[in-house]
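Engineer: Dropping a structure here in structure tokens format, bear with me for questions.
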Amino acid sequence: MNGLRRQTSRQLHEEHVHVLGLLDKLGAAAARQGAAAPAPAPGDETWGPLLGQLAGALQHEVTRHFDLEEQRLFPLLREHGHGDLAELLHEEHQVIREVARPLLEQLGGARAGTLDAAGWKPLRLLILELVDRLGAHARMEEDALVPVVDEILDEDTDMEIWNAHMN
């Protein structure tokens, strides 16, 4: 998104690009793996790094990103007449968190190599669900949230939010 005026909207955009790239890699790897495939071996060159990146994204990046939106941006959206968008995105955050919780629990076993084929199948399905839900959500935020944030933030509020998010 070229032409964004505010640091906060640019940061949101960069985070969306990052998470969408990771989700694309996860989706492609899960599709190649297939439903009947055994769990990846410990140290698997594809899944090892991807599962680590996914765990980090869910534990830190997505959590921090959602918190920024819910605590700082959604109230501003409501003040500026975009309450429906804030509510829709908040509801999607709740759904994504419901997928992320069991996924994070199972990722530990997968990363340690203790997950068997029976455990891999539900993990793979959770990964595919996350790819679908979080991917659609990030694209919606790109189309709807980022431009509105860029429009409604004044320079001082933008810098205050961006500095708090970056620290």
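Taken together, the values in this text are just the output of simple stated rules run on the coordinates, not laboratory data. Everything numeric in this text was worked out from a predicted model, so none of it was measured. Positions of Cβ are generated from backbone atoms using ideal geometry, with glycine treated the same way; all protein chains shown enter the neighbour counts.
Engineer: Any chance you could give the angle, 0 to 90 degrees and rounded to 10, that helix 155-166 forms with the longest Cα principal axis of the chain?
Structural biologist: 20
Engineer: Looking only at 88, 126, 153, which one moves most when the chain is put into a Gaussian network model with springs between Cα atoms under 10 Å?
Structural biologist: Most flexible of the set in this elastic network: 88.
Engineer: Averaging the inverse of every distinct alpha carbon separation and then flipping it gives the Kirkwood radius. What is it for the stretch 47-117, in angstrom units? Walk me through the intermediate numbers first.
Structural biologist: Details: mean 1/r = 0.0732 Å⁻¹.
About 13.7 Å for the stretch 47-117.
Engineer: May I ask which residue of 76, 66, 148 lies farthest towards the positive end of the charge dipole of the chain, with charges of +1 (Lys, Arg) and -1 (Asp, Glu) on Cβ and the Cα centre as origin?
Structural biologist: The Cα lying farthest towards the positive end belongs to 66.
Engineer: How high is the relative contact order of the chain, in percent, with contacts defined as C-alpha pairs under 8 Å that are six or more residues apart? Please list the in-between numbers first.
Structural biologist: Values: 126 pairs, mean separation 76.1, N = 167.
The value is 46 percent.
Engineer: In nm, to one decimal, how far is the residue 132 label point from the residue 155 one, both placed 7 Å along Cα→Cβ?
Structural biologist: 4.7
Engineer: Using only Cα atoms and rounding to the nearest 10 degrees, what angle (0 to 90) does helix 7-33 make with the longest principal axis of the chain?
Structural biologist: Helix 7-33 and the main axis of the chain meet at about 20 degrees.
Engineer: Still on this structure: Label points 7 Å out from Cα along the Cβ direction at residue 101 and residue 25: separation in nm?
Structural biologist: With each label placed 7 Å out from Cα toward Cβ, I get 2.8 nm.
Engineer: Cβ under 12 Å from residue 34's Cβ, residue 34 left aside: what net charge do those residues give with Lys, Arg +1 and Asp, Glu -1? Write down the numbers at each step before the final one.
Structural biologist: Working: positive: 32, 121, 124; negative: none.
Here the count lands on +3.
Engineer: For the stretch 1-78, what D do you get in µm² per second when you plug the Kirkwood radius from alpha-carbon pairs into Stokes-Einstein at 20 °C and 1.002 mPa s? List each step's numbers first, then the result.
Structural biologist: Numbers: Rh = 14.7 Å.
Estimated via Stokes-Einstein, D reaches 146 µm²/s.
Engineer: Would you report the distance distribution of C-alpha pairs in the chain as whole percents per 10 angstrom bin, up to the bin with the largest distance?
Structural biologist: Pairs per bin, as whole percents: 10, 38, 29, 17, 7, 0.
Engineer: Given the C-alpha centroids of the stretch 10-86 and the stretch 120-146, what is the distance between them in whole angstrom?
Structural biologist: 7
Engineer: Return one number: the angle in degrees, 0 to 90 and rounded to the nearest 10, between the long axis of the Cα atoms of helix 83-112 and the longest principal axis of the Cα atoms of the chain.
Structural biologist: 30
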